[in-house]
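Reviewing the structure listed below.
Just so it is clear, none of the values below were taken in a lab; they were calculated from the coordinates. Here the structure is a predicted model, which is why all the values come from computation and not from measurement. Cβ sites come from the backbone with ideal geometry, for glycine too, and all protein chains shown count toward neighbours.
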Amino acid sequence: NAILLNPYGAHVTSVSSAVTRIGLAALRCLAFAVAAEQLAQDHRSAQVRAIASKLWRHSADVAAWSYAFAHHLKTVNPDTAMLAGMMVDIGQFFLLARTAHYPALENNIERFAEFISVWKNPISRSVLEAFELPDDIIDSFDDESLNGGNYPPQTLRDIVRLAVRASDVANPLAPEKPSAPENDSGTEAKPPEFIALLDEARAGKNSILSAICP
């Protein structure tokens, strides 16, 4: 019943109607959001549990921004953008789930963050391939970092990277804020242009985020 998913305001009360309304791509994204939240609460270490919880909130925020940007700019499918955004931290989630088997890493978060920075990209791709996700989603994470991409965003990769920059929740394992988006000539986008887009898409982002994180 979020505005962006149900623009006509016809109240949906049944599961079958909800699935029809939001589509399988969005449903898959919401299912992952629930699973990720459960994973975030399933660690024995309070420290790792806190990190996983923040990482889940970061994923959900990036997913919501991805949907809102795609919906506003009409350059890529919003459902696909939301699913891609939700998968942005999947490699880190997988590695966090393994920390219980390696106490030495769990007790040294700085060292663990360095370990994740090396392995998150190949692990992410392996997990996405195991999920049998579409190639356009897998390929959107195919370079070394999420700090690239063009502005204004035209592709799924650009949308996800812009969403990472816009996220109001820092990735606890990569807390540095990405730089301002770049345009096709390699120069930074004008701040007013980027801020205007954030303002225009924020209401939609909050609507989707409330659906992902009720």
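Could the peptides 192-198, 155-161, 72-78 be put in order, highest first, of the mean number of other beta-carbon atoms found within 10 Å of their residues?
155-161, 72-78, 192-198
So who's got an amide H within less than 5 Å of the one on residue 151, skipping anything under 5 residues away but keeping other chains? H placed 1.01 Å off N, in plane.
Hits under the 5 Å cutoff: 182, 183, 184.
What is the distance, in nm, between label points placed 7 Å from the Cα along the Cα-to-Cβ direction at residue 121 and at residue 10?
4.6
Which length gain, in nm to one decimal place, applies between residue 196 and residue 108 when the Cα-Cα distance is subtracted from 0.36 nm times their residue separation?
Extra length available between residue 196 and residue 108 comes to 27.6 nm.
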